[in-house]
Protein chains: 2
Amino acid sequence: MYRTHTCGELRLSHLGQEVTLAGWVQRLRKMGGMTFVDLRDRYGITQLVFDQGLQADLAEQANHLGREYVIQVQGVVRERESKNAKIATGDIEMVVNKLTLLNESALPPFTIEDKTDGGDDLRMQYRYLDLRRPCVRQNLELRHKLAFETRRYLDSQNFLEIETPFLIKSTPEGARDFVVPSRMNPGQFYALPQSPQQFKQLLMVAGFDRYFQIVKCFRDEDLRADRQPEFTQIDCEMSYADQEDVIQMFEGLMKHLFKTLKNIEFEGDFPRMTWEDAMKYYGSDKPDIRFGMKFVELKDLLPEGNFQVFDNAPYVGGICVPGCASYSRKQIDQLTDFVKRSQIGAQGLIWIKKDEQGQIKSSIDKFYTPEVIAALVERFGAANGDLMLIMCGQMRKTQKQLCALRLEVAEQLGLRNPSVYAPLWVVDFPLFEWDEETQRFYATHHPFTMPNPEDIPLLDSDQGKVRSWAYDCVINGVELGGGSVRIHDSELQARMFKLLGFTEEKALAQFGCIINAFKYGAPPHAGLAFGLDRIVSMFAELDSIRDCIAFPKNNAGRDVMIDAPSNIDDAQLEELCLTIQLPESK
Amino acid sequence: MYRTHTCGELRLSHLGQEVTLAGWVQRLRKMGGMTFVDLRDRYGITQLVFDQGLQADLAEQANHLGREYVIQVQGVVRERESKNAKIATGDIEMVVNKLTLLNESALPPFTIEDKTDGGDDLRMQYRYLDLRRPCVRQNLELRHKLAFETRRYLDSQNFLEIETPFLIKSTPEGARDFVVPSRMNPGQFYALPQSPQQFKQLLMVAGFDRYFQIVKCFRDEDLRADRQPEFTQIDCEMSYADQEDVIQMFEGLMKHLFKTLKNIEFEGDFPRMTWEDAMKYYGSDKPDIRFGMKFVELKDLLPEGNFQVFDNAPYVGGICVPGCASYSRKQIDQLTDFVKRSQIGAQGLIWIKKDEQGQIKSSIDKFYTPEVIAALVERFGAANGDLMLIMCGQMRKTQKQLCALRLEVAEQLGLRNPSVYAPLWVVDFPLFEWDEETQRFYATHHPFTMPNPEDIPLLDSDQGKVRSWAYDCVINGVELGGGSVRIHDSELQARMFKLLGFTEEKALAQFGCIINAFKYGAPPHAGLAFGLDRIVSMFAELDSIRDCIAFPKNNAGRDVMIDAPSNIDDAQLEELCLTIQLPESK
C-alpha cells in the first residue's frame, strides 16, 4: 500500500493522525529553517513540512527533491499557522517523518501549471506532461462525467448500449473511409465506420427498440481546424418513435447533462426554428441565439434606378446593431475589411446610423431620398443610438456573409459569453442539397432520411423544396447533434435511391444488407447522434475540441507524441499483398 | 406517438383502459370465431383479440397478417379468461378496435423463436432476424447491464473513463496489428490497438491515478474457435498501487457484477494459487476448480527396471476419479482414444481401479508388485470405488495432457455446471517464456511487467525462474482477465528490453514514447484488463463469445451479413498510393 490518503483528502478532522501520501513534487520553498513541499496528485495538493532544525537529515533529503519527483511520505497531520483558503487542504499540513523517493524526474520541458510556458507543439509532443496540468485534467474529468451521466440517463430510459463493429464495409458515398487491408482475405479491405448508421437501423429491424452507443467514428477528411480523424459520437436510435418523441427524449438528455454537470436548469422547452427561418434570419443552419440582430430584408423598400449595387442584387438585407451608432469611420472600415476577406468574400458594407438624438446618416444618403432611408430604418426597428449594417447580392451567399458579420459584431460587443447557453432545435431541413459543381441533388443528411409526407408529391416535381423530418440540436451556434426520422418503407427507400442517382445495382452493392433487412418488418424508427467532443468542449468552455481529447492528432492527422502514422515492415506489406507506389514528384 | 405502452407493460391494473401498442406479429390463431394475435416487442408479448362476430372487417384484416408484420393497434385492456402464468402480461388481453399496418414482412428464412429451425450460417447472414429471438436479445441486454454496472462500480471507486486513440503506431512485437494506410501521409500506416497498454501507462505518468475504459481492441490473428478480430476489453490501470491493491479492487468489481447481475454472493476472498501450483496440480494456468481431481505425482514411488514406459518418463502423474471404478473396458478405451487424439497427443493411459470392496486392479499389474500399486493408490488417497488414471512423459507436456483428461472426465461426470462459479486468482506467473522454435526467452505478458523484486538477482543467471508480479482472474477454467504491476524505473525497463533481445535503437523505435515519458516522474502503477466478451458469455452461460456480440465475424474474419471485407475502388487505392499484388498461385 503506497498511501493511506490522497493529496486532496486531509482536513482538520485528521489532525494528529499518522498518514501516508504519495505524489509529485509541485513546488519546494525554504523559509526560516523550514522546507515546504507542495505534494500533488489528481485529487489536490497537500503541504509537507520539514524542519531543518529538528530533522536535519530529512530536511536535507527534501532539499534535493526536484520538480515532478515522485515521492512517498509518512507523517502527522497538523493545523497550519497561515491557512490557504484557495485549496481544500489549506487548513492543514503534514509534518513528515519519513520520505521515500519513488522516482526521479528530468526537468520538464515546460511548467506543469495552468498558465504554462509551453507552446502548443511542445505540449502535444509531451502530452503526458501537458495532461498533468489541472486545467487539462479537469476537461477529461468532465468528459468522463458527461459520458457517465449520458449513460445513466439513457439507461433509465430503457436504452441499451450495443457495440457495433469497427471493421465494416466501405461505402464510397459521402466522406472518405479509412480502410483496413484484410490479410485473411487478400486484396480486400474493411472500412472503419464514419458512423454506425446502418447498424443502428439494423438493430431497430432486430427489435432492440432503443439503442445507444458512445462510440468512436472515423473520417479521412482533409482536416480543417477543429476536426479530428477519429471522433466520438453519442449515437442513438428509437423504434416506434416520431420526430417529436426523439426531440423530447434528447432534450431531456441535454437538460439532464446541464443540470448534473453545470447546475443549469432551462425553463420550458428549447425553442424550435425551421431551417428556412434559420437561413432567413441568421444566415446559418446553426444560429447563435444568445443575442438578437436578426436579419432584416430590405429589397422591396428600395426604388430601382438609384444605386446600381442594390439594383443588381436579388437580395438586400442587414442587421441592426444596438448602441453602436457612435462607431467611428475606422471601426466601420474594419468591419468592411472583415466582410471583404476572401473567406467571406463580400463586396462591401453599407451603413446607416441613427444617433442618440434620432438623427439619421448613412453611406447611401446620396443615392436615396430621406424617405427611403427612413423606411429602411423603420423596417430595422432601430432605436436611437443604433447602427444598421447592410449587405447585398445572391440571397444565400449574402445571408452567409451577414451571418459572419453578425457573429463578428457580437464577439466585439461581448455578446458571445461562453457561460451563457442558448439551445435550439432546427427542424424542417431540406431533404436534398443542390451541388453546383456536379449539377445534381445530393441527400442533405443521408439516403435514409424520411421526407416530410406533406412534400412527397414534390419529390418528382420540385426536389429542392422537399422538407425532411430531420433536426439538429444547436447551442450557441454550434451543431451539437442531429438526426432524422428514417424511411422504413422499402418502396419509398427505393424511390429515394433512384432520385439520388443510384442504379438498382449500385444501391444493392452499397446498401444491400439494409435493403434486404427492410423486407422483414422494419418498424418506424428515428434517431440522432451527438458529437461528444463538441458537447464536452462547450461545457468546458473550450475553444477547440482538441483540449478535451486525451491524445489528439494534429492538422496533418499525426500523433506527434507516439509518432504515428509511420512506416511498416516490408514483411507486413507482403502478407497484406500490398505494395506502396509513391507519386514520383512531390 | 406510436404507442401508449409497450407489449410487456399491461397488467390487471390497466383493465378497461384504452391503449395503443405497436410491435411484431409473433403468432396468429383462429379459435371459435375469434382471432388471437401475439404482439411482440423487446419488452414482451401481449395477446390481441379480434371477434369475428362483432368486428368482422377488423377480424378479416387481422386474419391477413403474416408472421413478423409490423402493426399498431388501439383497443381496450380486459381480463383473460384463461390466464397465461408464463408471461408477465398473461393476465390480460387487448380487445382491438383499430388496426394499422405499419409494415409488411416477407416470410423470415427461419422461425423467430428460441428454438429456431435456422442453422448457424443462415442466422449469421440474417443476423438482424436472429437478434429478434429472445434468447439472443437477452444476451445483449445482459451485456449492456454488465458494462453499465462495471462503469458504475469503477466510477464509484474514482476511476475515470478516458478514451485512447484507435489510430496508433504499429509495433511489430506480439500478435499482428491491423494497419490503416494514411492518405495524408502517403506510404505510412496507422495501426489499430491490440490494447491501449502504452496509453494507459502514459495516463498514469500523466497523473490520472485511476483509469479505465471499455474499449474495442484488434488482433489480426488466424482465428481459432471463439476468437474475434475485434473484441472488447475492460481496460484498467491504477497509480500508487501494488498487486494486492489491484486484486482487491477488481475482486470487488467481479463481486459487484455477480451480485447485481446474477444475485450471487461469494463468501470471503477468492482463492489464490501460484502459477507453479496451477501447473503442478491442474496442468493449466487457468484451472477449473469447480471440482477436485488434483494431479498426483508418482515417479518417486516407481522402482526402475519394471516398466519401460514409466522408466523412460521424467514425469508420471495422474488423477483420481471418484466413484468410477466401475468404468467398463470400453469406457476406459474411449478415454484412452481421447488422450491419444492428435490435439492432445498422449501415448496412452494407465488405470488402477479400487472397487467398492477395496479390491485393486490395474493395467500395470504385471509390471509392479502389489506393494508398489498399493503405494500408488495410497498416494492418490483413493476411496473404495475410485478410478485412477495415470499418464507419463515430459513434465509440462504430460501435465497439459492430464489437464485435458481431467476436464473431459469432469464433463462426462457433469461436474462442469455452468451455473456454478469458482473464481480464482493465479499469481506469480513466470516473467519469461522459453520459445523452443527461436530458442530464446520472450516476455510472458509484455516487456513492461515487473519482476518480483526477490527474483531480480536471477535475471542474469536463471531467467526461466524469475517470477513476475502478474496475475490472472480465472473462473471455471476461463481466464477472464489479467494484468501486472508495471516497471516504473527507467533503468530496470532498459535492462528488460536488453534481456528480451531489443537493441537500444529497436526499443526506442518501438517504445520511444513511453521510454521518454518514464524520465519525467513515472509513479508506481499496476493494472489489468478483463475480456468483456468472455465475462458476458460466462454470465450468460454461453458456449461461444459470438453469441454475446451483436454483429460477430466468422472464422475467416468475415461479416457475412454486410459482406465485409470487400474490394475497394481503384481511385481509393490510388489516393492511398497502394497497389494490390495477389500471389499468382492460389
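The values are calculated or read from the model by the stated rules, or taken from the named source; none is laboratory data. The shown structure was predicted, so the numbers you read here are calculated from the model rather than taken from an experiment. All Cβ positions, even for glycine, are placed from backbone atoms using ideal geometry, and neighbour counts span all protein chains on display. The area values use the complete protein model at the heavy-atom level, side chains included, leaving out ligands, DNA and RNA. Shrake-Rupley method; radii C 1.70, N 1.55, O 1.52, S 1.80 Å.
Take B:Pro229 and tell me if it is in the same structural domain as B:Tyr471 (by TED's automatic domain parsing) and touching a residue at least 60 places away in the same chain (Cβ under 8 Å). Talk me through it step by step, then tell me what you get.
Working: in the same structural domain as B:Tyr471 (by TED's automatic domain parsing): yes; touching a residue at least 60 places away in the same chain (Cβ under 8 Å): yes.
In short, yes.
Being touching a Lys or Arg at 6+ places or on another chain (Cβ under 7 Å) and modelled with pLDDT under 95 is the requirement here; does A:Asp130 meet it?
So A:Asp130 does not fit the description; no.
For the structure I just gave you, tell me whether A:Ser461 is more than 22 Å from A:His488 (Cβ to Cβ), under 26 Å from the mean Cα position of the chain (by Cα) and exposed (fewer than 14 other Cβ atoms within 10 Å of the Cβ). Quick ask: steps written out before the conclusion?
Numbers: more than 22 Å from A:His488 (Cβ to Cβ): yes; under 26 Å from the mean Cα position of the chain (by Cα): no; exposed (fewer than 14 other Cβ atoms within 10 Å of the Cβ): yes.
No.
Yes or no, residue by residue, for (1) over 27 Å from A:His5 (Cβ atoms); (2) among the aliphatic types (A, V, I, L, M); (3) within 11 Å of chain A (Cβ to nearest Cβ):
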{"site": "B:Ile168", "(1), (2), (3)": "yes, yes, yes"}
{"site": "B:Asn185", "(1), (2), (3)": "yes, no, yes"}
{"site": "B:Arg210", "(1), (2), (3)": "no, no, yes"}
{"site": "B:Pro229", "(1), (2), (3)": "yes, no, yes"}
{"site": "B:Asp235", "(1), (2), (3)": "no, no, no"}
{"site": "B:Glu251", "(1), (2), (3)": "no, no, no"}
{"site": "B:Leu257", "(1), (2), (3)": "yes, yes, no"}
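Confirm whether A:Leu131 is at the interface with another protein chain (Cβ under 8 Å from one of its Cβ atoms), closer than 16 Å to A:Arg546 by Cβ and open to solvent by less than 50 Å² (accessible area, probe 1.4 Å).
yes
Taking the condition free of Cβ contacts under 8 Å to residues at least 24 places away in the same chain and either open to solvent by less than 10 Å² (accessible area, probe 1.4 Å) or closer than 22 Å to A:Ser461 by Cβ (or both), does A:Glu505 pass?
Details: free of Cβ contacts under 8 Å to residues at least 24 places away in the same chain: yes; either open to solvent by less than 10 Å² (accessible area, probe 1.4 Å) or closer than 22 Å to A:Ser461 by Cβ (or both): no.
No, not satisfied.
Out of (1) part of a helix (DSSP H, G or I); (2) within 14 Å of chain A (Cβ to nearest Cβ), what's the single condition that is false for B:Arg495?
Single failed check for B:Arg495: (2).
Suppose we filter B:Ala494, B:Ala470, B:Ala443 for residues that are farther than 24 Å from B:Gln343 by Cβ and open to solvent by less than 20 Å² (accessible area, probe 1.4 Å); which single one remains?
B:Ala470
Do you know which residues across segment A:231-258 are open to solvent by 10 Å² or more (accessible area, probe 1.4 Å) and farther than 14 Å from A:Pro423 by Cα?
A:Phe231, A:Gln233, A:Asp242, A:Gln243, A:Glu244, A:Asp245, A:Met249
I need the strands (runs of 3 or more DSSP E) fully contained in segment A:419-472, keeping only those with at least 2 residues that are of a type in the set (A, V, I, L, M, F, W, C) and closer than 29 Å to A:Leu253 by Cα.
Ranges flagged: A:423-427.
Restricting the search to segment A:179-224, which residues are closer than 22 Å to A:Ser544 by Cα, assigned to a loop (DSSP other than H, G, I, E, B) and not hydrophobic (A, V, I, L, M, F, W, C)?
Within segment A:179-224, A:Gln194, A:Ser195, A:Arg219, A:Asp220, A:Glu221, A:Asp222, A:Arg224 meet the criteria.
Please find, within segment B:165-209, the residue that is surrounded by the fewest Cβ atoms within 10 Å (Cβ to Cβ) out of those that are under 23 Å from B:Asp533 (Cα atoms) and among the charged types (D, E, K, R).
Residue satisfying both the conditions and the ranking: B:Arg176.
Does segment A:400-410 contain at least one residue that is acidic (Asp, Glu), outside any helix (DSSP H, G or I) and open to solvent by 20 Å² or more (accessible area, probe 1.4 Å)?
Looking for residues that are acidic (Asp, Glu), outside any helix (DSSP H, G or I) and open to solvent by 20 Å² or more (accessible area, probe 1.4 Å), one finds none in segment A:400-410, hence no.
Going by what's in this entry, would A:Thr398 be described as in the same structural domain as A:Thr232 (by TED's automatic domain parsing) and either within 26 Å of the chain's Cα centre (by Cα) or not small (Gly, Ala, Ser) (or both)?
For A:Thr398, the condition - in the same structural domain as A:Thr232 (by TED's automatic domain parsing) and either within 26 Å of the chain's Cα centre (by Cα) or not small (Gly, Ala, Ser) (or both) - is not met.
Return the only residue of A:Glu479, A:Glu541 being assigned to a loop (DSSP other than H, G, I, E, B), of a type in the set (Asp, Glu) and more than 30 Å from B:Ala106 (Cβ to Cβ).
Answer to the selection: A:Glu541.
Answer yes or no as to whether B:Gln138 is in contact with a Gly (Cβ under 8 Å, 6 or more places away or on another chain) and open to solvent by 40 Å² or more (accessible area, probe 1.4 Å).
Considered against the rule, which asks whether it is in contact with a Gly (Cβ under 8 Å, 6 or more places away or on another chain) and open to solvent by 40 Å² or more (accessible area, probe 1.4 Å), B:Gln138 comes out as no.
Contact list please: Cβ distance under 8 Å, first residue in segment A:562-586 and part of a helix (DSSP H, G or I), second residue among the β-branched types (Val, Ile, Thr), pairs at least six apart or on different chains.
Filtered contacts from segment A:562-586: A:Gln572/B:Val179; A:Leu573/A:Thr579; A:Leu573/A:Ile580.
Out of segment A:258-276, which residues are of a type in the set (A, V, I, L, M, F, W, C) and not in a helix (DSSP H, G or I)?
Across segment A:258-276, the qualifying residues are A:Ile264, A:Phe266, A:Phe270, A:Met273.
B:Gly531: open to solvent by 10 Å² or more (accessible area, probe 1.4 Å) and closer than 30 Å to B:Leu142 by Cα, yes or no?
It is true that B:Gly531 is open to solvent by 10 Å² or more (accessible area, probe 1.4 Å) and closer than 30 Å to B:Leu142 by Cα.
Does B:Met204 satisfy the criteria of being touching a residue at least 60 places away in the same chain (Cβ under 8 Å), facing chain A (nearest Cβ under 10 Å) and more than 27 Å from B:Met561 (Cα to Cα)?
The answer is yes for B:Met204.
Among B:Gly358, B:Gly385, B:Gly381, B:Gly393, which is touching a strand residue (DSSP E or B) at 6+ places or on another chain (Cβ under 8 Å) and exposed (fewer than 14 other Cβ atoms within 10 Å of the Cβ)? Lay out the reasoning, then the answer.
On the way: B:Gly358 fails: touching a strand residue (DSSP E or B) at 6+ places or on another chain (Cβ under 8 Å); B:Gly385 fails: exposed (fewer than 14 other Cβ atoms within 10 Å of the Cβ); B:Gly393 fails: exposed (fewer than 14 other Cβ atoms within 10 Å of the Cβ).
Step by step, each of B:Gly358, B:Gly385, B:Gly381, B:Gly393 is checked, and only B:Gly381 is touching a strand residue (DSSP E or B) at 6+ places or on another chain (Cβ under 8 Å) and exposed (fewer than 14 other Cβ atoms within 10 Å of the Cβ).
Of the numbered conditions (1) in a loop (DSSP other than H, G, I, E, B); (2) touching a residue at least 12 places away in the same chain (Cβ under 8 Å), A:Met279 fails exactly one; give the number of that condition.
Failing condition for A:Met279: (1).
Test A:Asp117 against the criterion of being of a type in the set (Asp, Glu) and surrounded by 17 or more Cβ atoms within 10 Å (Cβ to Cβ), and give yes or no.
No; evaluated as a whole, the condition is false for this residue.
Determine which member of the set A:Gly482, A:Gly521, A:Gly477 is within 12 Å of chain B (Cβ to nearest Cβ) and either open to solvent by 10 Å² or more (accessible area, probe 1.4 Å) or on the phi > 0 side of the Ramachandran plot (or both).
Only one candidate passes the filter, namely A:Gly521.
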